[in-house]
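The values are calculated or read from the model by the stated rules, or taken from the named source; none is laboratory data. Only a predicted model underlies this, so the values are computations on that prediction, with no experimental measurement involved. In this analysis, Cβ positions are derived from the backbone assuming ideal geometry, glycine residues included, and neighbour counts consider all displayed protein chains. With ligands, DNA and RNA removed, areas are computed over all heavy atoms of the protein, side chains included. Shrake-Rupley method; radii C 1.70, N 1.55, O 1.52, S 1.80 Å.
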Amino acid sequence: MASERTFSIIKPDATKRNLTGAINQKIEAAGLRIIGQKRIRMSQTQAEGFYGVHKERPFFKSLVSFMTSGPVIVQVLQGDNAVLKYREVMGATDPAKANAGTIRKEFAESIEANSVHGSDSAENAKIEIEFFFKPEEIVD
Ligand code: ATP
Ligand code: MG
């Protein structure tokens, strides 16, 4: 598999607990390179747009409120098979079901406050990266 890019968010529960470095260490240890990164406060409009696919789900309002509750780190990760590799490094959505050694098993607080986001396909990665980054903010 050739090099590809994925989009990551270090969520408010993690930035609040000073886990940015610990999470980045796991990302880099997996062979993924952080080629774009910035700390932002997500607006309600951005959060609603980003999670638009979930807008009919019962947890949507709570998720938008959580994602705007504190700073997040948005990132572009690059490496072989980056989308799938990062999903493996993150672990299952529900930390109780995540494998040992994954970010969510080690750090997540709950199924909602689960420390990280990662794109679920290369197509969505491209859309999500363009949602948060200008081309010149990505340096590979
Ligand atoms: P992400 O898209 O953040 O990488 P994911 O693909 O593992 O996570 P999704 O099903 O896309 O999970 O859900 C998006 C996010 O919505 C989850 O990461 C989590 O923060 C929140 N979420 C998912 N399911 C629930 C739930 N049952 N209750 C509360 N929040 C949830
Ligand atoms: Mg998802």
**Request:** Return the Cα extents of the chain along principal axes one, two and three, sorted largest first, each rounded to a whole Å.
**Result:** 38, 34, 27
**Message:** If you take every residue apart from residue 17 with its C-beta less than 12 Å away from the C-beta of residue 17, what net charge results, scoring Lys and Arg +1 and Asp and Glu -1?
**Reply:** -1
**Message:** Over region 58-97, what portion of Cα pair distances is larger than 15 Å, expressed as a whole percent?
**Reply:** 63
**Item:** Under the span-like rule (Cα at least 27 Å along the axis, Kyte-Doolittle mean at least -0.5), DSSP H helices of the chain
**Value:** none
**Item:** Per-residue [θ]222 nm for the chain (sum of -39500 (n - 2.57) over DSSP H runs n ≥ 4, rounded to 500)
**Value:** -10500 deg cm²/dmol
**Prompt:** Which distance in Å, rounded to a whole number, links the C-alpha centroids of region 74-105 and region 28-62?
**Reply:** 14
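Size of the dipole of the chain about the Cα centre, Lys and Arg at +1 and Asp and Glu at -1 on the beta carbon, nothing else charged, in debye to 20?
Dipole of the chain, to the nearest 20 debye: 380 debye.
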**Message:** Among the listed pairs 16/38; 26/61; 38/126, which have their C-alpha atoms separated by more than 19 angstrom in this model?
**Reply:** 26/61
**Asked** What residues qualify as long-range amide H neighbours of residue 37, i.e. H under 5 Å apart, gap of 5 or more or another chain, H built at 1.01 Å from N?
**Response** 76
**Prompt:** How much length is gained if the chain between residue 121 and residue 17 is pulled fully straight, taking 0.36 nm per residue apart and subtracting their Cα-Cα distance, in nm to one decimal?
**Reply:** 34.6 nm
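In µm²/s, what is D for region 69-140 at 20 °C and 1.002 mPa s, where D = kT/(6 pi eta Rh) by Stokes-Einstein and Rh is the Kirkwood radius from Cα pairs?
Working: Rh = 13.2 Å.
Roughly 162 µm²/s, to the nearest whole number.
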**Complete:** Between the residues 32, 69, 108, the Cα farthest towards the positive end of the dipole of region 1-114, that dipole coming from +1 and -1 charges on the beta-carbon of Lys, Arg, Asp and Glu, is from 69
**Request:** Could you tell me what percent of the accessible area of the chain is made up of carbon and sulfur, with a 1.4 Å probe and every protein chain present?
**Result:** 50
